[in-house]
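One structure is given below, encoded as structure tokens.
The values are calculated or read from the model by the stated rules, or taken from the named source; none is laboratory data. Fair warning: this is a prediction, and the values are worked out from it, not measured in the lab. Cβ sites come from the backbone with ideal geometry, for glycine too, and all protein chains shown count toward neighbours.
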Amino acid sequence: MAEMFDKNRRILKAFLVGVQTADLPPGEGAELLAELKELVENLHLAITGSILVNLRSPSPTFLLGRGKVGEVIEMAKESGADVIVLDETLSPAQQRNWEEESGLAVIDRQEVILEVFADRAQTREAMLQVELARQEYFLPRLTRAWTHLSRQRGRGSLGGEGETQLEQDRRTVRDRIAHLRSQLAEVRQQRGVQRQRRMRVPVPTCAIVGYTNAGKSCLLNRLTGAQVLVENKLFATLDPTTRQLALPNNQKLLITDTVGFIRRLPHDLVEAFKATLEEVVVADFLIHVLDVTNPDVARHHATTLAVLAELGADRKTIIDVFNKIDLASPAALDTARMLAPGGLFVSAKTGEGLDRLLEHCAACVARESAAVELLVPHDRYDIIARLHEIGQVHAQDLRDDGVHIHGSFPASQSAIFAPFVLQSPPASPSAPAP
């Protein structure tokens, strides 16, 4: 990440600036500053100091007042910092003003998150998505890299050398953005083809969502035996991983791990990762994983719901799952019960509580299925095989006039079994509320 700040100097030490604005609940500025510290540490930067600033009204020049800006710059330089990191979004002009005033690199929370994502990206899709978000972020900020050319501007209709170079860079970045979007379109098309192949044999799907570092990948590994990377750091997993799971009633379920959310997740990143987050949109239901040991679990819960709302997936059936109960205090468990009275309590590490989670998953699948009785002729064993693929056969009895089947099958696949229905579907048994 050092190259983007200063081509001639490596960034090693950071001074953090938290902001408590009037629209934030009391104390949230300090919590966000602690989260920013963890984000910066994930970039392997040493933190030389921090300050929390109370901001009544933002300044268009620096965001903070000029007096406070001078104080922050003095503290940063005395601590030996190479970069000042503000826990707010800076406009390109504000960022440029800070750097001119301080002589240091200055970045905001959005840039930090972009760099963390860039550090975590492994697959081609993730790399493309992160690079697109970065290029769109840096396009209006290119003047940061060319401040030394401002003195070379000449007069006349064509402008000076520096102006020409800047326009060339902007054109290069725009071309790069167009190329990345084209490549991402190809990736999305490939993902759509893969999804269509899965849909040929319809299997219920669910997606695991939640705040970053809540234990989503660990839960997927525990349930399915997957080998997804599990590390105690933010955004350890950026790419979706889908595995098949057998529920207690032998119903198959496809379960997908997704990228973690975070407060103030940049909108550009949400847009860039929509190809990945499509798995959330198309899933039949969601498993919302929360770290019950985290003191900010309530805000993490609200953040995830806000991102789901932005994706249009907030109306889906959501199973709230509080993870890491093996490390939780009784007070933390009580807080979680008040936050989500119908929530489940599990430990992906020890396996405690996972049986009940699987029962709830089976109940969610059952809600999407129609219970029917069928009589399939002996010469239509292709239909019987298909029924086993698309749903759950509870009972199968060989009779003289055909094969009698009682089962639950997706209503969307009724064209397959409708000609063989013996009677109207009985009322589905009530499933436990997630």
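Here are the numbers for the structure shown:
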item: Filtered residue count, the range 141-188, keeping only those that are modelled with pLDDT of 50 or more and either of a type in the set (Lys, Arg) or assigned by TED's automatic domain parsing to the domain that holds Trp98 (or both); result: 8
item: Lone qualifier among Leu39, Leu24, Leu43 - being part of a loop (DSSP other than H, G, I, E, B) and under 30 Å from Ala121 (Cβ atoms); result: Leu43
item: One residue from Glu359, Glu352, Glu310 being surrounded by fewer than 19 Cβ atoms within 10 Å (Cβ to Cβ), over 30 Å from Ala415 (Cα atoms) and modelled with pLDDT of 90 or more; result: Glu352
item: Identity of the residue in the range 54-82, out of contact with any Asp or Glu (no Cβ under 9 Å at 6 or more places or on another chain) and of a type in the set (Val, Ile, Thr), that ends up surrounded by the fewest Cβ atoms within 10 Å (Cβ to Cβ); result: Thr61
item: Residues located in the range 112-143, provided they are of a type in the set (Val, Ile, Thr), surrounded by fewer than 20 Cβ atoms within 10 Å (Cβ to Cβ) and touching a helix residue (DSSP H, G or I) at 6+ places or on another chain (Cβ under 8 Å); result: Thr143
item: Considering residues of the range 313-328 that are closer than 16 Å to Glu352 by Cβ and not hydrophobic (A, V, I, L, M, F, W, C) only, the residue surrounded by the fewest Cβ atoms within 10 Å (Cβ to Cβ); result: Asp326
item: Residue identified as exposed (fewer than 13 other Cβ atoms within 10 Å of the Cβ), modelled with pLDDT of 85 or more and assigned to a helix (DSSP H, G or I) among Asp382, Asp397; result: Asp382
item: Given (1) free of Cβ contacts under 8 Å to residues at least 12 places away in the same chain; (2) of a type outside the set (Phe, Trp, Tyr); (3) closer than 30 Å to His301 by Cβ, number of the condition Asp400 does not satisfy; result: (3)
item: Residue check for Leu24: at negative phi and either more than 29 Å from the chain's Cα centre (by Cα) or buried (at least 16 other Cβ atoms within 10 Å of the Cβ) (or both); result: no
item: Top-ranked residue in the range 1-20 [being surrounded by fewer than 17 Cβ atoms within 10 Å (Cβ to Cβ) and at pLDDT below 90; ranked as farthest from the chain's Cα centre (by Cα)]; result: Asn8
item: Helices (runs of 4 or more DSSP H) contained in the range 52-132 and holding at least 3 residues within 17 Å of the chain's Cα centre (by Cα); result: 109-120
